[in-house]
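The values are calculated or read from the model by the stated rules, or taken from the named source; none is laboratory data. Note that the structure is a prediction, hence the values are computed from the model and not measured. Don't worry about glycine lacking a Cβ; one is built from the backbone with ideal geometry, like all the others, and counts go over all protein chains shown. Protein only, heavy atoms only, side chains kept; ligands, DNA and RNA dropped before computing areas. Shrake-Rupley method; radii C 1.70, N 1.55, O 1.52, S 1.80 Å.
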Amino acid sequence: MYKRILIATDGSPLSDKAVEHGLSLAALSGATVVALKVVPRYPRSYFEGGMPVDMNDVKRIEAQWGDAAQAMVDGVKAQGGAQGVTVKAVVAKSDLVAEAVIAAAKKHKCDLIVMASHGRKGLKRLLLGSETQHVLTHSHIPVLVLR
């Protein structure tokens, strides 16, 4: 069935549901898991009147985000270990979340991507976008979406 499953997480309750289902599927199929959290880079203001931010502060904030993301995927690894599933914890730094998910799935030779969709519609979807929709339409790897 599946040999390697990528589970993308953002730490939301809905994403936690995807983690649970992905780990259960991995346990049933004997697959290994790549747990992925994508961390954005700190936004820099290029607009007139924007507050300049000290680069040391930017590095400190990005390090905090990275540490929190690592703790999140390490939690998935521990959860998988309790179910007898081997999990590799991965943190990717990118502003393009969907592209980072697809790239990680390719890099780690995954044959399934498991992720959640917040199900935004209308104006919210237009303004906030849909990373899941982008992965669905641009990935050649099958995607299991939970809502």
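In table form, for the structure just shown:
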| item | result |
| --- | --- |
| Odd one out for Arg120 among (1) surrounded by 14 or more Cβ atoms within 10 Å (Cβ to Cβ); (2) at pLDDT below 95; (3) under 16 Å from Ala8 (Cα atoms) | (3) |
| Any chance Leu6 is more than 12 Å from the chain's Cα centre (by Cα) and either in a strand (DSSP E or B) or closer than 26 Å to Leu136 by Cα (or both) | no |
| Check on Val85, assigned to a helix (DSSP H, G or I) and either polar (S, T, N, Q) or crowded, with 20+ Cβ neighbours inside 10 Å (or both) | no |
| Leu25 being touching a residue at least 24 places away in the same chain (Cβ under 8 Å) and either open to solvent by 30 Å² or more (accessible area, probe 1.4 Å) or touching a Cys at 6+ places or on another chain (Cβ under 7 Å) (or both) | yes |
| Filter result (assigned to a helix (DSSP H, G or I) and either of a type in the set (Ser, Thr, Tyr) or under 18 Å from Thr132 (Cα atoms) (or both)) within region 11-35 | Pro13, Leu14, Ser15, Asp16, Lys17, Ala18, Val19, Glu20, His21, Gly22, Ser24, Ser29 |
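Each row is one residue, and each column tells you yes or no for (1) open to solvent by less than 60 Å² (accessible area, probe 1.4 Å); (2) outside any loop (DSSP other than H, G, I, E, B); (3) in contact with a His (Cβ under 6 Å, 6 or more places away or on another chain); (4) modelled with pLDDT of 85 or more.
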| residue | (1), (2), (3), (4) |
| --- | --- |
| Asp74 | no, yes, no, yes |
| Val91 | yes, yes, no, yes |
| Val101 | yes, yes, no, yes |
| Ala105 | yes, yes, no, yes |
| Val114 | yes, yes, no, yes |
| Ile141 | yes, no, no, yes |
| Val145 | yes, yes, no, yes |
